[in-house]
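Notes follow once the structure below has been shown.
The values are calculated or read from the model by the stated rules, or taken from the named source; none is laboratory data. Worth saying up front: this structure is predicted, and the values here are computed from it rather than measured. Here the Cβ positions follow ideal geometry from the backbone for every residue, glycine too, while neighbour counts run over all protein chains shown.
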Amino acid sequence: MPRIVCAYVGENGGMSRARIRWEIVIVLGLSLGASAVYSVVSILAAVTRPVAIADQSTSVNPQLSEREWLDFVYQFLSHFFDLVPVALAIYLLWLPTQTGFRRIGLTFEQPRTDALRGLGLFLAIGIPGIAFFVVCRLLGINLAVEASSLDGYWWTIPMLVFSALRAALSEEVIVVGYLFTRLKQLGWSPWWIIGAAALLRGTYHLYQGFGPFIGNAVMGVVFGWCYLRWGRVMPLVVAHLLLDVASFVGYPLAVALWPAVFTTGG
């Protein structure tokens, strides 16, 4: 009978350092790395226009068609396919002895703890974040954000929640769970990993201005430290989901109440 030899390939799954580096480039190139490049181009375009940054605007969750059913389909498909790189990252982290979900702590094994930690992060980041955004708008270093109106269709708010979930999963799974795991395998120190991930997080928000870059980079440091401490992505997903739901739903209300702060001057 042929002899079967079972060898433990370790946490790297037998991957070379060069293969890990190329994998990181591919995953980021299909997802938030590409967003970061576009954001850099966008902010360069903004600062080189003859109009002040504060008098320019950018759109979040814009309408994609004037026809209701087509707008729904386009938005749903956009959010759905943005989740494919998330699935890819989880798949690539899969080990023979451990699922990709469990490896980064994207499970429902600790619902109470994850919910409380996520709520705590939401309050710790969200309240100062609102004040910081307003200050940056007054300083003129943020673009005005044109958010989706809440009175569009019956499905508008559910779609905004889906968009928030898509953003939470994309950013926390790829930028934290996946990237932290792979950079650790490359031998990076914890604070270098946190710094690199925070810089990436800030960069793909540059299209909104320099304030969101700073704010999201700081958020990235906090989230990265929490992930290394807790070993779970789920609390970060909960916090991010709450932050984006509050932002997507609350921002149109803020525009209506304080148009001088949240809209362009011209």
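Within region 87-101, identify whether any single residue is within 20 Å of residue 35 (Cβ to Cβ) and hydroxyl-bearing (Ser, Thr, Tyr), and answer yes or no.
No: zero hits.
Identify, please: which residue in region 163-193 is of a type in the set (Lys, Arg) and in contact (Cβ under 8 Å) with a residue 24 or more places away in the chain and is, among those, surrounded by the most Cβ atoms within 10 Å (Cβ to Cβ)?
By that ranking, first place goes to 182.
In region 47-92, how many residues are within 19 Å of the chain's Cα centre (by Cα) and assigned to a loop (DSSP other than H, G, I, E, B)?
3
Can you list residue pairs whose Cβ atoms sit under 6 Å apart, with the first residue in region 208-219 being small (Gly, Ala, Ser) and the second being part of a strand (DSSP E or B)? Count only pairs 6 or more apart in sequence or on different chains.
Going by the 6 Å Cβ cut-off, the qualifying pairs are 209/142; 211/142.
If residue 24 satisfies every condition in (1) more than 24 Å from residue 146 (Cα to Cα); (2) surrounded by fewer than 16 Cβ atoms within 10 Å (Cβ to Cβ); (3) among the β-branched types (Val, Ile, Thr) but one, which is the exception?
The failed condition is (2).
Could you grab me the full set of residues in region 141-158 that are of a type in the set (A, V, I, L, M) and either surrounded by fewer than 17 Cβ atoms within 10 Å (Cβ to Cβ) or at pLDDT 95 or above (or both)?
Passing the criteria: 150, 157.
Among the residues of region 225-241, count how many are surrounded by fewer than 24 Cβ atoms within 10 Å (Cβ to Cβ), not in a helix (DSSP H, G or I) and not charged (D, E, K, R).
Selection size over region 225-241: 1.
Of all the residues that make up region 121-134, how many are over 18 Å from the mean Cα position of the chain (by Cα) and touching a residue at least 12 places away in the same chain (Cβ under 8 Å)?
Residues in region 121-134 being over 18 Å from the mean Cα position of the chain (by Cα) and touching a residue at least 12 places away in the same chain (Cβ under 8 Å): 2 in total.
Do you know which of the residues in region 64-79 that are among the hydrophobic types (A, V, I, L, M, F, W, C) and in contact (Cβ under 8 Å) with a residue 12 or more places away in the chain is surrounded by the most Cβ atoms within 10 Å (Cβ to Cβ)?
If we take residues in region 64-79 being among the hydrophobic types (A, V, I, L, M, F, W, C) and in contact (Cβ under 8 Å) with a residue 12 or more places away in the chain, then 72 is surrounded by the most Cβ atoms within 10 Å (Cβ to Cβ).
Please indicate, with yes or no, whether at least one residue in region 205-224 is outside any helix (DSSP H, G or I), touching a strand residue (DSSP E or B) at 6+ places or on another chain (Cβ under 7 Å), at pLDDT below 95 and on the phi > 0 side of the Ramachandran plot.
yes
Being of a type in the set (Val, Ile, Thr), farther than 29 Å from residue 233 by Cβ and exposed (fewer than 14 other Cβ atoms within 10 Å of the Cβ), is that true of even one residue in region 33-45?
yes
What tally of residues in region 84-100 results from selecting those that are buried (at least 16 other Cβ atoms within 10 Å of the Cβ) and touching a residue at least 24 places away in the same chain (Cβ under 8 Å)?
7
Would you tally the residues in region 101-112 being crowded, with 19+ Cβ neighbours inside 10 Å and under 19 Å from the mean Cα position of the chain (by Cα)?
So the count comes out to 3.
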